[in-house]
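Worksheet: one structure, shown below.
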């Protein structure tokens, strides 16, 4: 793994943390006699705060954000590996002294 790939990997990890902490919320809507009629989005907020006490995290939108972040980072990781090929170098073997027995 070369340096650009490591940078992409670190950015991807930070992006995952961001996607899991700054999340979208929604509120279920109900109508008398009909029950649940859908939901409307409340917006984004920190996971531990939430915009409203009736709001719940929007699971499908969170999953979509995680899939998009993974796809984008995977493409960047592969593109970072296409760059200049470096020669493979071997580490010099350490000479060990023989112990007389």
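Laboratory data are not the source of any read-out in this text; all were calculated from the coordinates shown. None of the values given here were measured: they were computed from a predicted structure. Note that we place each Cβ from the backbone using ideal geometry, even for glycine, and neighbour counts take in every protein chain shown.
Would you mind calculating the gained length between residue 21 and residue 48 on full extension (0.36 nm times residue separation, minus the Cα-Cα distance), in nm to one decimal?
Contour length minus the Cα-Cα distance gives 8.9 nm.
Rounded to the nearest angstrom and listed largest first, the equivalent-ellipsoid semi-axes of the chain from its Cα gyration tensor are 52, 18, 11.
A simple spin-label model places the labels of residue 31 and residue 96 8.0 nm from each other, with each point 7 Å out along Cα-to-Cβ. Estimated from the Cβ-Cβ distance and a Förster radius of 22 angstrom, the FRET efficiency linking residue 61 and residue 14 is about 0.65.
In this calculation the C-beta distance from residue 2 to residue 68 is compared with R0 = 22 Å, giving a FRET efficiency of 0.35.
Would you order 12, 44 from fewest to most other beta-carbon atoms within 10 Å of each residue's own beta-carbon?
If I rank by nearby Cβ atoms, fewest first, I get 44, 12.
Normalised by residue number, the volume inside the convex hull of the Cα atoms of region 21-75 is 74 Å³ per residue. With contacts taken as Cα pairs under 8 Å and at least 6 residues apart, region 3-81 reaches a relative contact order of 38 percent.
Sorting 8, 94 from the fewest to the most surrounding beta carbons within 10 angstrom yields 94, 8.
Estimated purely from DSSP H runs of n ≥ 4, each contributing -39500 (n - 2.57), the mean residue ellipticity at 222 nm for the chain is -14500 deg cm²/dmol once divided by its residues.
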